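The structure appears right after this line, and notes come after that.
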Amino acid sequence: MEVTHTVAWMKQVARQARAEDRILGFVPTMGALHEGHFSLVRAARQQCSPVVVSIFVNPKQFGPSEDLQKYPRTFEADSAALEKLGVDYLFAPPPEEIYPRGFRTAVVVEGLSDRLEGRARPGHFRGVATVVLKLFEIVQPRFAYFGRKDAQQVRIIQQMAADLDLDAQIVACPIVREPDGLALSSRNLYLKGTERRAATVLYRALDAVRREIAAGQRDTAHLTVALRKVVESEPGVALDYAEIVDAETLEPVATLRRTCYVLLAAFVGGTRLIDNALIEQDGESFRMTL
Ligand code: AMP
């Protein structure tokens, strides 16, 4: 695996791959890698060669009171794990390489960015879209892999790719969970003592929605009440939002239809976690994928 820290060198690699008509796969990350990230790398390896992974803790997607400074950084372990997985290139630029002095441009995917995570974290998706477009320009991927763990993010990137006629095909991969249901996240490293167990409440709340749907419930207000009840039963956990939305528009729906997401964010102690499940219509019934 070759490790590169410069835009110029990464562009050179990308140009060469394109000239040779190779299918370059790209997995953008912020590091502190876990099985969730590795699942994206494996998916990329199956379809693409070469595979490029980036590690860049993007300052523009953190709010002023968020955890940019303390975000976990485990470069040595990340790099060793990626090498083992057969990654060809690790792109790990320093912040000034991506945002040199005088940087002024931003990418805004209107509408989709203002809701849910975007409302809780103003400017977050502007930072995400800006860095992803920039990384795409540098890496020139044919396929780019994202986790459905961040469902709104994938939807926004897909919209950006469509709107701007990007060559990259966006691949959304399933959520990887711990055996007890907790979705893997770099921020799980923050969970202390009893918080780790309490954090499974996000999954348990989604599972309560799944059971209600299986029992025939279609009314989203009712489903959200069931979800809230589970979260409220867990001491030390505060729900930030819970919504059931159309998977395309991310607008709330009153009754289940076609493809929806149930999404939630909650504070477990001081740690903010997100989770979601996909609800797909199958004839008269609905199937939920956690
Ligand atoms: P991050 O390093 O948090 O920016 O995440 C990099 C990519 O990994 C994003 O596309 C995430 O959605 C994805 N990812 C993070 N956690 C998981 C998970 N538990 N399952 C699947 N994908 C994940």
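Quick check: from the Cα gyration tensor, does the stretch 154-215 come out rounded (a/c under 1.5), prolate or oblate?
Details: a/c = 3.44, a/b = 1.69, b/c = 2.04.
Oblate, because a/c is 1.5 or more while a/b does not exceed b/c.
Residues considered: Gln159, Gln12, Gln140. Largest GNM mean-square fluctuation over the chain, using C-alpha springs under 10 Å, is found at Gln12. Compared with the direct C-alpha span, the chain from Glu280 to Ala162 gains 40.2 nm at full extension, assuming 0.36 nm per residue. Note on the chain: with charges restricted to the Cβ of Lys and Arg (+1) and Asp and Glu (-1), its dipole about the Cα centre is near 320 debye.
Loop-resident GluC sites (Glu not before Pro) (DSSP state other than H, G, I, E or B) in the stretch 144-249 with no more than 16 further Cβ atoms inside 10 Å of their Cβ: Glu248. Phi-derived couplings, Karplus 6.51 cos²θ - 1.76 cosθ + 1.60 at θ = phi - 60°, listed residue by residue for the stretch 192-204: 10, x, 6, 5, 4, 6, 4, 5, 5, 5, 4, 5, 4 Hz, with x used for Gly and Pro.
3J(HN,Hα) along the stretch 107-120, derived from phi through the Karplus expression 6.51 cos²θ - 1.76 cosθ + 1.60 where θ = phi - 60°, amounts to 10, 10, 9, 5, x, 4, 8, 8, 9, 6, 4, x, 6, 6 Hz, with x in place of Gly and Pro.
Once backbone amide H atoms are built at 1.01 Å from N, Glu178 has Ala183, Leu184 as its partners under 5 Å, excluding neighbours fewer than 5 places away on the same chain. Pairs of Cα atoms nearer than 8 Å and 6+ residues apart set the relative contact order; for the chain it is 16 percent.
In the calculated pair distance distribution of the stretch 247-290, what percentage of Cα-Cα distances lie above 11 Å? So the pairs more than 11 Å apart make up 68 percent of the total in the stretch 247-290. A cut-off of 5 Å between modelled amide H atoms, ignoring neighbours fewer than 5 places along the same chain, links Tyr241 with Ala265.
Restricting the GluC sites (Glu not before Pro) of the stretch 22-119 to loop positions (DSSP other than H, G, I, E, B) with no more than 16 neighbouring Cβ atoms within 10 Å leaves Glu66, Glu110.
Divide the volume of the convex hull around the Cα atoms of the chain by the residue count and you get 135 Å³ per residue.
Rounded to the nearest 20, the Cβ-based charge dipole of the stretch 148-223 about its Cα centre (Lys and Arg +1, Asp and Glu -1) stands at 460 debye.
Working from the alpha-carbon coordinates of the stretch 1-95, get Rg over Rh, Rh being the Kirkwood radius. Don't skip to the end; give the middle numbers.
Numbers: Rg = 13.8 Å, Rh = 13.9 Å.
Rg divided by Rh gives 0.99.
Identify the residues of the stretch 126-148 with backbone N under 14 Å of a label point that sits 7 angstrom from the Cα of Arg101 along the Cα-to-Cβ direction, or state none. So the set is empty, nothing qualifies.
Running a GNM on the chain with Cα contacts under 10 Å, which residue among Ala19, Ala242, Ala226 ends up with the highest mean-square fluctuation? Answer for the Gaussian network model of the chain: Ala19.
Report, to one decimal in Å, the Kirkwood hydrodynamic radius for the stretch 141-290 based on all distinct Cα pairs.
16.1
Return the loop-located trypsin sites (Lys or Arg not before Pro) in the stretch 54-106 (DSSP other than H, G, I, E, B) with at most 12 other Cβ atoms within 10 Å of their own Cβ; answer none if there are none.
Numbers: sites: Lys60, Lys70, Arg73, Lys84, Arg101, Arg104; in loops: Lys70, Arg73, Arg101, Arg104.
Those that pass, being in a loop and sparsely packed, are Lys70, Arg101, Arg104.
Each residue of the stretch 3-13 was assigned a 3J(HN,Hα) from its phi angle through the Karplus expression (A = 6.51, B = -1.76, C = 1.60, θ = phi - 60°), giving 9, 10, 10, 10, 5, 4, 5, 4, 5, 4, 4 Hz with x at Gly and Pro. A simple charge model with +1 on the Cβ of Lys and Arg, -1 on the Cβ of Asp and Glu and nothing else charged puts the dipole of the stretch 113-159 at about 120 debye relative to its Cα centre. The H on the amide N of Phe26, modeled in the peptide plane, is under 5 Å from the matching H of Val52, Phe143, Ala144, Tyr145, each at least 5 residues off or on a different chain.
Bear in mind that the values in this text are calculations on the coordinates, not laboratory data. If you're wondering where the values come from, they're calculated on a predicted model, not measured in any experiment. Backbone-built Cβ (ideal geometry, glycine too); neighbour counts: all protein chains shown.
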